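Remarks on the structure that follows.
All of the numbers you see were taken from the coordinates with simple rules; none came from a lab. Keep in mind that what you see is a predicted model, and the values were worked out from it rather than measured. Ideal geometry is used to build each Cβ from the backbone, glycine not excepted, and the neighbour counts take in all protein chains shown.
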Amino acid sequence: MQIQIDQTRLMGELQTLATFTHAEPASNGTSVSRIVFSEDDLRARAWLKELAAVEGFDVRDDAVGNIFIRWTGTEHNLPAVATGSHTDAIPHAGMYDGTVGTLGGLEAMRALKRSGFRPRRSIELLMFTSEEPTRFGIGCLGSRLLSGTLDPNRADALEDDDETSLSSVRTAAGFAGSLSSVPLPPNHYHAWIELHIEQGPLLEREGIPIGIVTSIAAPAGYRFTITGFGGHAGALLMPDRKDALCAAAELILSVEHHALATGAIDTVATVGTCDIHPGAVNSVPSRVVLQLDIRDTDPGRREAVMQAIRRDCEELSQRRKVTIREELINADAPAESSSHTLRLLEEVCKEQGILSKKMVSRAYHDSLFMARIAPIAMIFIPCRNGVSHRPDEYAAPQDIVLGTRVLAQVLAKLASE
Ligand code: GLV
Ligand code: MN
Ligand code: MN
């Protein structure tokens, strides 16, 4: 089947989506910040729904704001084939993370429709709420709930930095139903395929346009609260201090040290936020909150790194006379793609004469949670220098179009089963 992807339209839509942002313009690319349930996020959602409605697709959203755009198949009682991604963006991100899979998914459906294809199974595009952890501290909020991985009550009680709960934020955004209505059963979807930029350098480096993701590394998140004794930066004598930030600095280096010490390229650990109380130049920090993101393809090795960090915490809290409280945010298992979806993707690439490579995703994606309720696979396309979560994130139009075409072909195969 010949499928024509409308490059001009798709690239135009990616550009339009990038205008729904509250980021400062960046000199090195397109800076996008689109935090879940912010005004920009809500505008982006309304715009996406409008694009889908114009096409005649059915649109609905659930209680956490996940959007479902359905092209009904001739056998609409069969489990649908699903695709999609997210449109939220961390502060000062780029314009391709998540958006390529969302708008590419929409274009894949439109392209199939234009080609005259009529799906047997319905094809559904999902836009997940809060894949990024920026606002509520935990990633993949929408897909965690949808896959029944996150307890609805715990989700509703999550708070943002202003101590506003998810429950009130989503209600204010117009999503008022009970979160217990969000989970879908394991047989709800026939399969799930997500198109995404690689966010790493391998495809570009090796000159391969398509990555076929076989597994997704296991992410975990922790919050450390370090409490010491602060006071006046001039008057509090050095021997009397229990500087929480100095202790935090040691903890951050311990994280780096133990992640490196595994010797495995797949162990990665990052302290990406540091909140200092009271946060004044002339005040000794009395409390610091750090957020740790740690991932590995091997969850056992990830846990061994955590144990080593905990031993350092104990030693350091005694030596510096501070308390260190550890809170688990999430500790997820890795996900495997299904052999069937992998085979179909390889088949598509072979039929189309497209060079592809099987690979691991070190970034997490909503696919990690969709794997709990459906056979999954992901399609990666190259991004320049492997850069992501930065304004200079870039994917070439021809790669976006190729990824979208591969997505359309595999959706067609799955929807015909
Ligand atoms: C997703 O944004 C991730 O942090 O892997
Ligand atoms: Mn991201
Ligand atoms: Mn993403």
Inset, instruction - Inspect all residues belonging to segment 125-139 and state whether any of them is farther than 30 Å from residue 412 by Cβ and in a helix (DSSP H, G or I). - result: no
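Which residue, of 70, 121, 60, is under 23 Å from residue 183 (Cβ atoms), away from ligand 2 (no atom under 16 Å from the Cβ), among the charged types (D, E, K, R) and assigned to a loop (DSSP other than H, G, I, E, B)?
Values: 70 fails: assigned to a loop (DSSP other than H, G, I, E, B); 60 fails: assigned to a loop (DSSP other than H, G, I, E, B).
Selected residue: 121, the only one of 70, 121, 60 that is under 23 Å from residue 183 (Cβ atoms), away from ligand 2 (no atom under 16 Å from the Cβ), among the charged types (D, E, K, R) and assigned to a loop (DSSP other than H, G, I, E, B).
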Inset, instruction - Could you run through segment 56-102 and say how many residues are of a type in the set (S, T, N, Q) and within 16 Å of ligand 1 (Cβ to nearest atom)? - result: 4
Legend entry - Only one of 347, 336 that is surrounded by fewer than 20 Cβ atoms within 10 Å (Cβ to Cβ) and under 18 Å from the mean Cα position of the chain (by Cα): 336
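Take residue 114 and tell me if it is of a type in the set (D, E, K, R) and within 16 Å of ligand 2 (Cβ to nearest atom). Spell out the reasoning first.
Numbers: of a type in the set (D, E, K, R): yes; within 16 Å of ligand 2 (Cβ to nearest atom): no.
Here the answer is no, as residue 114 does not meet what is asked.
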Inset, instruction - Report yes if residue 249 is assigned to a helix (DSSP H, G or I), within 16 Å of ligand 1 (Cβ to nearest atom) and either touching a residue at least 24 places away in the same chain (Cβ under 8 Å) or more than 23 Å from the chain's Cα centre (by Cα) (or both), otherwise no. - result: no
Inset, instruction - Scan segment 37-89 for residues that are β-branched (Val, Ile, Thr) and surrounded by fewer than 21 Cβ atoms within 10 Å (Cβ to Cβ) and jot them down. - result: 54, 59, 72, 74
Legend entry - Residue, surrounded by the fewest Cβ atoms within 10 Å (Cβ to Cβ), within segment 96-136, restricted to residues that are within 13 Å of ligand 3 (Cβ to nearest atom) and more than 18 Å from residue 48 (Cβ to Cβ): 134
Inset, instruction - Evaluate the following for residue 174: is it outside any strand (DSSP E or B), out of contact with any Asp or Glu (no Cβ under 7 Å at 6 or more places or on another chain), closer than 28 Å to residue 103 by Cβ and more than 16 Å from ligand 2 (Cβ to nearest atom)? - result: yes
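Restricted to segment 382-397, and to residues that are farther than 21 Å from residue 33 by Cβ and in contact (Cβ under 8 Å) with a residue 40 or more places away in the chain, which residue is nearest to ligand 1 (Cβ to nearest atom)? Talk me through it step by step, then tell me what you get.
Of segment 382-397, the ones farther than 21 Å from residue 33 by Cβ are 382, 385-386, 396-397.
Now drop any that are not in contact (Cβ under 8 Å) with a residue 40 or more places away in the chain, which leaves 382, 385-386, 397.
On the way: 382: 17, 385: 17, 386: 13, 397: 23 Å.
Only one residue tops the list, namely 386.
Being surrounded by fewer than 15 Cβ atoms within 10 Å (Cβ to Cβ), out of contact with any His (no Cβ under 9 Å at 6 or more places or on another chain) and in contact (Cβ under 8 Å) with a residue 40 or more places away in the chain narrows it down to one of 268, 281, so name that one. Explain how you work it out, then say what you get.
Values: 268 fails: surrounded by fewer than 15 Cβ atoms within 10 Å (Cβ to Cβ).
Result: 281 is the single residue among 268, 281 that is surrounded by fewer than 15 Cβ atoms within 10 Å (Cβ to Cβ), out of contact with any His (no Cβ under 9 Å at 6 or more places or on another chain) and in contact (Cβ under 8 Å) with a residue 40 or more places away in the chain.
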Legend entry - Subset of segment 189-220 (residues that are farther than 16 Å from residue 100 by Cα, outside any strand (DSSP E or B) and either away from ligand 1 (no atom under 16 Å from the Cβ) or not hydrophobic (A, V, I, L, M, F, W, C) (or both)): 201, 203, 204, 205, 206, 207, 208
Inset, instruction - Residues being in contact (Cβ under 8 Å) with a residue 60 or more places away in the chain and of a type in the set (D, E, K, R): count how many of those fall in segment 143-202. - result: 4
